[in-house]
Amino acid sequence: MQDMTATSNDVDAAKKALTPVDLRSDTVTKPTPAMRRAMAEAEVGDDVYGEDPTVNRLQARAAEIFEREAALFVPTGSMGNLVAIKTWTQPGQEVICETGAHINQYEFSSMSFVAGCMPRAIPAPDGLLTWELIEPMLQIKHPHKADTGLIELENTHNVAGGTVYPTHVVEDICDHAHALGLRVHLDGARIFNAANYLKKGVAEITSKVDSIMFCLSKGLGAPVGSMLVGSLEFIQKAHRYRKSFGGGMRQVGVLAAAGMIALEESPKGLANDHKNARLLADELSRMPGIRLDASKVMTNIVRFDVSGTGRTAAEICGELKKRGILAGPFAKYAIRMVTHYDVGRAGIERALEAMREITRK
Ligand SMILES: *Cc1c(COP(=O)(O)O)cnc(C)c1O
């Protein structure tokens with residue numbers, strides 16, 4: 001018996017050594033065994049009739065955690081953002097966002113061709129807007145310019161490297177916006193990462209924004225799904241747009257069941273992802289040719305510049321791949337590595353070892 005255990009452990013260890021360490025994104029996380037079990041056993045109904053008990057439970061729980069009136073399950077974060085933009089704006093308006101915002105860079109201009117709005121993109125240090133940056137870009141009842149219809153913030157900020165808004169900055173933006181009758185939507189795809197960094201609850205750090213989108217996939221590990229959270233009135237309107245965008249789903253409790261575990265259990269694991277990102281950043285910043293301000297790494301995203309190595313990001317990622325490490329070339333000389341629960345400490349050590357070998361040459 002003991003021998004057999006030893007043998008299967010050896011096989012497991014060998015398999016692990018061969019499994020690629022995938023640091024391209026936290027979107028690569030696979031559902032946990034508990035999620036798969038919950039999916040198999042999920043109680044379901046037709047959610048278009050509002051009759052899926054698992055979806056209803058997930059929506060109620062998300063609303064409760066964020067201390068809001070209501071929540072809505074959406075298939076993707078992109079649809080959640082688009083539904084929010086469509087709900088808050090009129091065609092012909094502008095949406096203020098940071099230049100690197102996901103809604104500006106990675107959602108295929110959907111706010112323009114679906115919601116009929118233009119992004120008014122503002123560059124900000126570390127991707128974090130302030131009221132001082134926003135105010136000069138506002139257009140309200142201007143004789144020649146489109147009205148500002150919405151302000152959008154992203155927390156954590158993806159392309160800036162998982163940076164986190166100080167909560168008072170978000171609140172200051174909301175207070176000023178509300179005084180002018182403007183709404184603030186939060187792209188909180190990784191809001192649980194931000195909450196972990198700030199050591200506060202998600203409700204506390206989002207209390208003043210008008211609507212929130214967050215992902216159950218990515219770091220929280222659900223195979224599919226995001227949530228919109230806000231007032232009952234907002235969610236009722238959003239529900240109609242979700243349907244008109246083709247997002248009305250039927251026995252979708254099979255997905256909500258995994259989402260429920262993502263929501264209840266996964267946030268506890270994010271501290272570990274952040275610890276791994278810190279280790280990665282600290283060690284990478286000491287390697288020759290790598291430029292990285294490790295002090296700016298707050299959550300699970302590590303971006304670094306490799307121009308000092310004399311090689312491009314694509315070349316280095318190619319070298320990494322040969323060693324079983326997957327990372328994303330982000331720009332010609334920039335690489336992004338994202339930590340998540342499918343890569344443990346041993347995987348991080350393997351990635352670092354590979355980077356040491358590559359940068360030594
Ligand atoms: C991933 C992501 C989204 C969109 O989520 P999808 O489910 O991939 O559509 C939105 N915003 C940010 C910041 C993201 O990282």
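Going residue by residue through the stretch 268-289, is there one that turns out to be within 14 Å of the ligand (Cβ to nearest atom) and either assigned to a helix (DSSP H, G or I) or crowded, with 17+ Cβ neighbours inside 10 Å (or both)?
No, because not a single residue in the stretch 268-289 is within 14 Å of the ligand (Cβ to nearest atom) and either assigned to a helix (DSSP H, G or I) or crowded, with 17+ Cβ neighbours inside 10 Å (or both).
Hey, could you check the stretch 178-194 for residues that are outside any strand (DSSP E or B) and buried (at least 24 other Cβ atoms within 10 Å of the Cβ) and say which is nearest to the ligand (Cβ to nearest atom)?
A189
Restricting to the stretch 107-125, name every residue that is closer than 17 Å to T156 by Cα and surrounded by fewer than 14 Cβ atoms within 10 Å (Cβ to Cβ).
Result: P123, P125.
Given the criterion within 25 Å of M35 (Cα to Cα), among the aliphatic types (A, V, I, L, M) and surrounded by fewer than 16 Cβ atoms within 10 Å (Cβ to Cβ), identify the matching residue among A346, A262.
Testing whether each residue is within 25 Å of M35 (Cα to Cα), among the aliphatic types (A, V, I, L, M) and surrounded by fewer than 16 Cβ atoms within 10 Å (Cβ to Cβ) leaves just A346.
A quick yes/no check of all residues on (1) outside the structural domain of G162 (by TED's automatic domain parsing); (2) among the charged types (D, E, K, R); (3) more than 21 Å from N193 (Cβ to Cβ); (4) touching a Gly at 6+ places or on another chain (Cβ under 6 Å):
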{"site": "I290", "(1), (2), (3), (4)": "yes, no, yes, no"}
{"site": "R303", "(1), (2), (3), (4)": "yes, yes, no, yes"}
{"site": "R311", "(1), (2), (3), (4)": "yes, yes, yes, no"}
{"site": "T339", "(1), (2), (3), (4)": "yes, no, no, no"}
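Limited to the stretch 195-236, what total is found for residues that are more than 16 Å from the ligand (Cβ to nearest atom) and of a type in the set (A, V, I, L, M)?
Qualifying residue count for the region: 4.
Taking N158, is it touching a His at 6+ places or on another chain (Cβ under 7 Å) and surrounded by 16 or more Cβ atoms within 10 Å (Cβ to Cβ)?
Against the criterion (touching a His at 6+ places or on another chain (Cβ under 7 Å) and surrounded by 16 or more Cβ atoms within 10 Å (Cβ to Cβ)), N158 qualifies.
Please verify whether the stretch 155-167 includes one or more residues that are in a helix (DSSP H, G or I) and either out of contact with any Pro (no Cβ under 8 Å at 6 or more places or on another chain) or away from the ligand (no atom under 16 Å from the Cβ) (or both).
yes
Answer yes or no: is there a residue in the stretch 300-317 that is touching a residue at least 60 places away in the same chain (Cβ under 8 Å), β-branched (V, I, T) and over 19 Å from V343 (Cβ atoms).
no
Just checking, which of A314, A351, A258 is out of contact with any His (no Cβ under 6 Å at 6 or more places or on another chain) and closer than 30 Å to R57 by Cβ?
Within the list A314, A351, A258, the selection yields A258.
With respect to E43, determine if the residue is surrounded by fewer than 16 Cβ atoms within 10 Å (Cβ to Cβ) and closer than 20 Å to A195 by Cβ.
no
I'm checking my understanding of the structure. Among residues of the stretch 153-180 that are in contact (Cβ under 8 Å) with a residue 60 or more places away in the chain and either touching a Ser or Thr at 6+ places or on another chain (Cβ under 6 Å) or not hydrophobic (A, V, I, L, M, F, W, C) (or both), which one is farthest from R24 (Cα to Cα)?
Filtering first and then ranking leaves V164.
Pick from R311, R323, R336, R356: which is modelled with pLDDT of 95 or more and closer than 16 Å to R190 by Cβ?
Within the list R311, R323, R336, R356, the selection yields R336.
Which one is farthest from A351 (Cα to Cα) among residues in the stretch 290-316 that are assigned to a loop (DSSP other than H, G, I, E, B) and over 24 Å from the mean Cα position of the chain (by Cα)?
My answer is G310.
Can you name the residue in the stretch 219-240 that is in contact with a helix residue (DSSP H, G or I) (Cβ under 7 Å, 6 or more places away or on another chain) and surrounded by fewer than 21 Cβ atoms within 10 Å (Cβ to Cβ) and is also farthest from A71 (Cα to Cα) among such residues?
P223
In the stretch 100-154, which residue that is among the β-branched types (V, I, T), in contact with a helix residue (DSSP H, G or I) (Cβ under 7 Å, 6 or more places away or on another chain) and not in a loop (DSSP other than H, G, I, E, B) is farthest from the ligand (Cβ to nearest atom)?
Only one residue tops the list, namely I134.
The values are calculated or read from the model by the stated rules, or taken from the named source; none is laboratory data. Note that the structure is a prediction, hence the values are computed from the model and not measured. Here the Cβ is made from the backbone with ideal geometry for all residues, glycine too, and neighbour counts use every protein chain on show.
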